[in-house]
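The values are calculated or read from the model by the stated rules, or taken from the named source; none is laboratory data. Every value quoted in this text rests on a predicted model; they were computed, and no experiment measured them. Positions of Cβ are backbone-derived with ideal geometry, glycine not excepted, and every protein chain shown enters the neighbour counts.
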Amino acid sequence: MKTFDFAVIGGSYAGMAAALQLARARRNVLVVDAAQRRNRFVDAVGGSSHGYLTQDGRAPAEIAADAREELMNYPSVEWLHGTADDAHVTSDGWLGFRVGSETVRAQHLIIATGVRDELPTVPGLVERWGRSVFHCPYCHGYEADAGPIGIIAASPLAQHHAIMLPDWGSPTLFLNGAYTPGAEELAAIARRGTQVEAARIARIDGFADVVLQDGRIFTMNALFTQPRTFLSSPIAEQLGCSLEDGPMGPFIKVDEFKATSVPNVFACGDAARMAGNVTLAVADGAMAGFGAHRSSMI
């Protein structure tokens with residue numbers, strides 16, 4: 001059995017940021033990581049991370065690798081590759097869980113497991129996720145080069161893309177039967193200059209070509225859609241952490257110091273906010289590290 005002052009489940013940007021604060025407080029820290037970063041699909045096609053100060057345009061895998069190297073320079077940090085499961089509060093108030101055949105106990109736990117994205121069922125969309133299909137204009141809108149942008153509606157949240165994306169290019173909102181905008185909404189979209197196309201989509205071809213069922217083809221520089229998100233790990237639910245229903249999916253409810261509803265359990269990153277990006281994940285992780293450390297002194 002491994003025993004630690006702090007355990008961080010999830011070794012991506014938020015988890016490493018949390019662990020770094022604890023390591024610098026000279027505390028004993030375990031990081032458990034299943035190597036399933038949410039933006040790993042961008043790495044698969046040689047893409048870049050955008051909008052992260054001092055790291056703009058770098059491959060996400062390079063940023064993560066550098067962060068891990070820096071973190072592992074601290075002697076009080078241990079890294080365990082695997083998936084955490086069977087989380088529970090022990091009879092003496094510790095937090096326990098398993099990683100494969102390994103049993104772990106920690107006095108404080110930080111959940112930074114992220115979310116997984118469920119895309120609308122449009123043929124060709126999943127294969128282009130992270131390459132020419134995105135969800136965050138702030139992360140990927142600039143690279144559309146102020147050209148044509150397609151919005152694949154998956155829910156009424158598509159309205160927000162339709163209102164926002166004209167700052168990055170010339171958008172067309174493809175409703176694809178996902179929802180029917182009202183007159184007021186259509187007027188707001190029109191004022192922003194976004195076109196609306198009601199015909200159903202047959203498939204996505206090429207880099208970002210939207211092929212409609214009536215045969216028309218719209219060639220786009222980028223596509224945006226609204227994935228439904230789900231917690232990547234059952235850890236929070238196993239421990240009984242309260243969840244909130246966000247517009248994109250459920251997330252872990254936390255306070256200003258990232259404390260959950262379960263004593264000595266904290267959460268950060270995409271798993272604990274309505275929506276986010278790398279910058280916000282790092283900030284959340286640092287705050288979770290602060291919060292967990294402060295709670296250990298009470």
So, first residue within 25 Å of A202 (Cα to Cα) in region 174-191, second residue polar (S, T, N, Q) and surrounded by 10 or more Cβ atoms within 10 Å (Cβ to Cβ), Cβ within less than 9 Å, six or more apart or across chains; the pairs are A178/S155; A178/Q226; Y179/S155; Y179/Q159; P181/Q159; I189/Q159; I189/Q195
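If a residue has to be surrounded by fewer than 20 Cβ atoms within 10 Å (Cβ to Cβ) and farther than 17 Å from G11 by Cβ to count, how many in region 80-95 make the cut? Before the answer, list the steps.
Step one: of region 80-95, the residues surrounded by fewer than 20 Cβ atoms within 10 Å (Cβ to Cβ) are 80-83, 85-86, 88-94.
Then keep just the ones that are farther than 17 Å from G11 by Cβ; that gives 86, 88-94.
Residues flagged as surrounded by fewer than 20 Cβ atoms within 10 Å (Cβ to Cβ) and farther than 17 Å from G11 by Cβ within region 80-95 amount to 8.
For region 114-125, which residues satisfy the criterion of being more than 14 Å from the chain's Cα centre (by Cα) and surrounded by fewer than 16 Cβ atoms within 10 Å (Cβ to Cβ)? First the steps, then the outcome.
Step one: list which residues in region 114-125 are more than 14 Å from the chain's Cα centre (by Cα), which gives 120-125.
Residues satisfying the conditions are T121, P123.
Please determine, by comparing only the residues of region 278-294 that are of a type in the set (G, A, S) and either at pLDDT below 95 or surrounded by 24 or more Cβ atoms within 10 Å (Cβ to Cβ) (or both), which one is nearest to G15 (Cα to Cα).
Our first condition is that a residue be of a type in the set (G, A, S); within region 278-294, this holds for 281, 283, 285-286, 288-289, 291-292.
Applying the additional criterion that residues be either at pLDDT below 95 or surrounded by 24 or more Cβ atoms within 10 Å (Cβ to Cβ) (or both) yields 281, 285, 288-289, 292.
Values: A281: 8, G285: 6, A288: 9, G289: 9, A292: 12 Å.
Per the stated criteria, the residue is G285.
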Counting only residues that are of a type in the set (A, V, I, L, M) and in contact with a Ser or Thr (Cβ under 6 Å, 6 or more places away or on another chain), region 128-177 contains a total of 4
- [ ] Return yes when V262 is in the same structural domain as D92 (by TED's automatic domain parsing), modelled with pLDDT under 95 and not hydroxyl-bearing (S, T, Y) and no when it is not.
- [x] no
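I'm trying to understand the selection: among the residues of region 206-227, which are surrounded by fewer than 16 Cβ atoms within 10 Å (Cβ to Cβ) and either without any contact (Cβ under 8 Å) to a residue 12 or more places away in the chain or on the phi < 0 side of the Ramachandran plot (or both)?
So the first thing to find is which residues in region 206-227 are surrounded by fewer than 16 Cβ atoms within 10 Å (Cβ to Cβ), and the list is 206-207, 213-217, 219.
Within region 206-227, F207, Q213, D214, G215, R216, I217, T219 meet the criteria.
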Expected single match for touching a helix residue (DSSP H, G or I) at 6+ places or on another chain (Cβ under 7 Å) and surrounded by 15 or more Cβ atoms within 10 Å (Cβ to Cβ) among A162, A153 is A162
When region 13-30 is checked residue by residue, the ones that are closer than 9 Å to S76 by Cβ and in contact with a strand residue (DSSP E or B) (Cβ under 9 Å, 6 or more places away or on another chain) are L22, A23, R27, N28, V29
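In contact with a helix residue (DSSP H, G or I) (Cβ under 8 Å, 6 or more places away or on another chain), crowded, with 17+ Cβ neighbours inside 10 Å, outside the structural domain of M248 (by TED's automatic domain parsing) and modelled with pLDDT of 95 or more: is that true of I111 in this structure? Break it down into steps so the answer makes sense when it comes.
On the way: in contact with a helix residue (DSSP H, G or I) (Cβ under 8 Å, 6 or more places away or on another chain): yes; crowded, with 17+ Cβ neighbours inside 10 Å: yes; outside the structural domain of M248 (by TED's automatic domain parsing): no; modelled with pLDDT of 95 or more: yes.
Considered against the rule, which asks whether it is in contact with a helix residue (DSSP H, G or I) (Cβ under 8 Å, 6 or more places away or on another chain), crowded, with 17+ Cβ neighbours inside 10 Å, outside the structural domain of M248 (by TED's automatic domain parsing) and modelled with pLDDT of 95 or more, I111 comes out as no.
Here is a list: A198, A162. Which entry is farther than 28 Å from G114 by Cα and small (G, A, S)? Lay out the reasoning, then the answer.
Numbers: A162 fails: farther than 28 Å from G114 by Cα.
So the residue among A198, A162 that is farther than 28 Å from G114 by Cα and small (G, A, S) is A198.
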Flagged in region 125-154 as more than 18 Å from V210 (Cβ to Cβ) and at pLDDT 95 or above, in numbering order, are A146
The number of residues in region 26-42 that are more than 16 Å from A271 (Cα to Cα) and modelled with pLDDT of 95 or more is 6
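Those residues that are touching a residue at least 12 places away in the same chain (Cβ under 8 Å) and either out of contact with any Phe, Trp or Tyr (no Cβ under 8 Å at 6 or more places or on another chain) or surrounded by 24 or more Cβ atoms within 10 Å (Cβ to Cβ) (or both), I need them from region 265-277; list them, please.
So in region 265-277, the residues touching a residue at least 12 places away in the same chain (Cβ under 8 Å) come out as 265-275, 277.
Scanning region 265-277 gives V265, F266, A267, C268, G269, D270, A271, A272, A275.
Across region 234-264, what is the number of residues that are of a type in the set (G, A, S) and buried (at least 24 other Cβ atoms within 10 Å of the Cβ)?
1
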Looking at I110, is it assigned to a strand (DSSP E or B), of a type in the set (A, V, I, L, M, F, W, C) and touching a Pro at 6+ places or on another chain (Cβ under 6 Å)?
no
Of all helices (runs of 4 or more DSSP H) fully inside region 1-83, the set with 1 or more residues that are of a type in the set (D, E), farther than 18 Å from G130 by Cβ and without any contact (Cβ under 8 Å) to a residue 60 or more places away in the chain is 60-71
